[in-house]
Amino acid sequence: MILVARILSLLLLAGTLFAQDAPQPPEPPPNNEAVLENDVTVEPTEEVETADTKTTRRDRNRRRHTTHGTPPVFGQNIIIRTNEVRDELVLIGGSVDVQGEVRRAIVAVGGNVKVSGRVGGEIVVVGGKVDISGEVDGDTVIAMGRADIASTAKMQRDLVMVGGPFNVSPDAEIGGENVLVPFGDVLPHIEWAKRYLVRGPLMGRWLTFEIGWPWVIAGTFLAVYLGLLLAFPAAARAVFNALEERPVTSIFAGLLTLILFAPLVFLLIISVAGILVVPFLKIALLLALLFGKVGVLCFLGRGLARTSGAAKLQVPFLAFVIGAIILTLSYAIPFFGIFAWAMATVFGLGGAIVALSGSFKREEGKVPLAPVYVSTLRPTGGATAGSTGTAPAASQPIPGATVNPSGGATAALPGFGPSISEMNPRDALLLARAGFWKRFLAALLDQILLIVAVIVLPVIGPVLYLPMAVLYFAGMWAWRGTTVGSLVLGLKVVRTDGSPMTFAVALVRSVLSIFSLLVVGLGFIWAAWDREKQSWHDKIAGTVVVKMPAGFALI
């Protein structure tokens, strides 16, 4: 632990060097003042300006040169000669040869350090090579690299080496601890990564024209995107249409999805039962990212085509090619490429989410309505279905009657029903069926509620989560035919034969829902294409989920 703490503390030194100011060097005394040298006062004498005197003065000024607040150096090879002094040095890639003096620290990431002069502070090297034959007053830490410590090296403090190989002369002077953690010759195997790191991400871009293999990876992704466009043109068209019609909404939807995804996965994992759902969520996120990037490429190409007035280029395939060229080249722009990639990813993900939500609405609009029957509830306010003041039997359909999908049978028959909560089960069958996605969101809300209960009430614990969930759903369905999550979305479970929901039926439905989940969730997904929107446990228990009109209450 002490070793790890020492390494981390020295690695943090790189960050502090950006903010530190170097101490001001002492001002040279004027020529007409006395100078104290070796405790002897030497009176100033007049100098004759000769060529030798001017050369001596230039050398003295060069030795006194100090660089304050040195910025990091990217990919350069630096030589500090014997008559030069630097205050500090932060090196990203490249190399430094210290023949003179560095008064404070040297930090190198992916760079090589050679010291034949003197370093007054620490040396921290990550992923590089270190050659020391001079003096180092501070600690020396070498991580994921190699080192050669000559016999003439004088190191006043600790030497920590992680990686290898390391050649340390037994005659080298090491004033502190010598800690060696070897695990093979690592540096040759990461040289390619070091070069890419310096030329690419550290320069704020994913692609660089100096290295070829990242372009191969980018081309592979473009081939995948093109395959998705050709295989699923309708899905790609839905995404870039969403980006064109609702760009601001797409950006916020993408940001919100990325922010909430990790907490949602965490809640599902600690619920134990929700672990089975996590792989599906990850696959859904991956597909949304892929189709989102396809939509962004088409969006860029179509935008350029509209600006230039070339209508033919707005064809999805040609727009994709144009967008691919624009976005890929933007990845190679220094200090902009990574930002462009991040914005395209968020924008595309949001477009996929917006397009998916639009498909939810279209899917809900295709939910079939049940046959329309006359309500069995007594009329109110003197309204009658006929001259006798009694309603026809519930089993008799009304010729030519229609139902408002948002209001159900009570909307088609004004004057019936003092309270929606008192609706007869047969009347509830008249309502439109709830689609898959509304049911999924309702179940998700219920799961979050149960997880919060487990967290707040430690007595329950994860072990009792599954029995508690089964009893919660069974009890709520038997009591009011709905749960808290279903109530938020206006959903209710009713029997297909019009009989009241009993606890036995609700318990069977609750237990069988576990089976629908275990078969890779296929039992739940079945409701997406079933004509009556029934899942497997709905079919076995003889139930359907309907959309209740406004005014439905739990109490």
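The values are calculated or read from the model by the stated rules, or taken from the named source; none is laboratory data. These numbers come from a predicted model, not from an experiment. Positions of Cβ are generated from backbone atoms using ideal geometry, with glycine treated the same way; all protein chains shown enter the neighbour counts. Heavy atoms of the whole protein, side chains included, go into the accessibility calculation; ligands, DNA and RNA do not. Shrake-Rupley method; radii C 1.70, N 1.55, O 1.52, S 1.80 Å.
Applying the Karplus relation 6.51 cos²θ - 1.76 cosθ + 1.60 with θ = phi - 60° to the range 436-444 yields 3J(HN,Hα) values of 5, 6, 5, 5, 5, 5, 5, 5, 5 Hz, where x marks Gly and Pro. What's the long-distance tail for the range 437-545, i.e. % of Cα pairs beyond 20 Å? Percentage above 20 Å: 37.
You can think of it this way: the chain between A223 and V511 has 99.2 nm of extra reach, that is 0.36 nm per residue less the Cα-Cα gap.
Take the convex hull of the alpha carbons in the range 284-333; its mean projected area over all directions comes to 3.7 nm². Ranked by the mean number of other Cβ atoms within 10 Å of their residues, highest first, the peptides 324-332, 484-492 fall in the order 484-492, 324-332. Between the range 106-136 and the range 275-324, what is the C-alpha centre distance in whole Å? Going from one Cα centre to the other spans 48 Å. Divide the volume of the convex hull around the Cα atoms of the range 235-318 by the residue count and you get 84 Å³ per residue. Ligands, DNA and RNA excluded, the heavy atoms of F515 present near 100 Å² of accessible surface to a 1.4 Å solvent probe. A probe of 1.4 angstrom, applied to the heavy atoms of all protein chains, finds T249 with accessible area near 60 square angstrom.
Close amide H pairs (under 5 Å, H built 1.01 Å from N) link V168 with I149, residues at least 5 positions away or on another chain.
Taking the alpha-carbon centroid of each part, what is the distance from the range 488-555 to the range 431-456 in angstrom? Cα centroid of the range 488-555 versus Cα centroid of the range 431-456: 12 Å apart. Pairs exceeding 21 Å between alpha-carbon atoms, taken from K129/K154; K282/K533; K154/K194; K438/K539; K438/K547: K282/K533; K154/K194. Put simply, when 135-141, 213-219 are sorted by average Cβ atoms within 10 angstrom per residue, most first, you get 135-141, 213-219. Estimated translational diffusion coefficient (Stokes-Einstein, Kirkwood radius over Cα pairs, 4 °C, 1.567 mPa s) of the range 174-261: 73 µm² per second.
The local environment of D87, defined by Cβ-Cβ distances under 9 Å, has a net charge of +2 under the rule Lys, Arg +1 and Asp, Glu -1.
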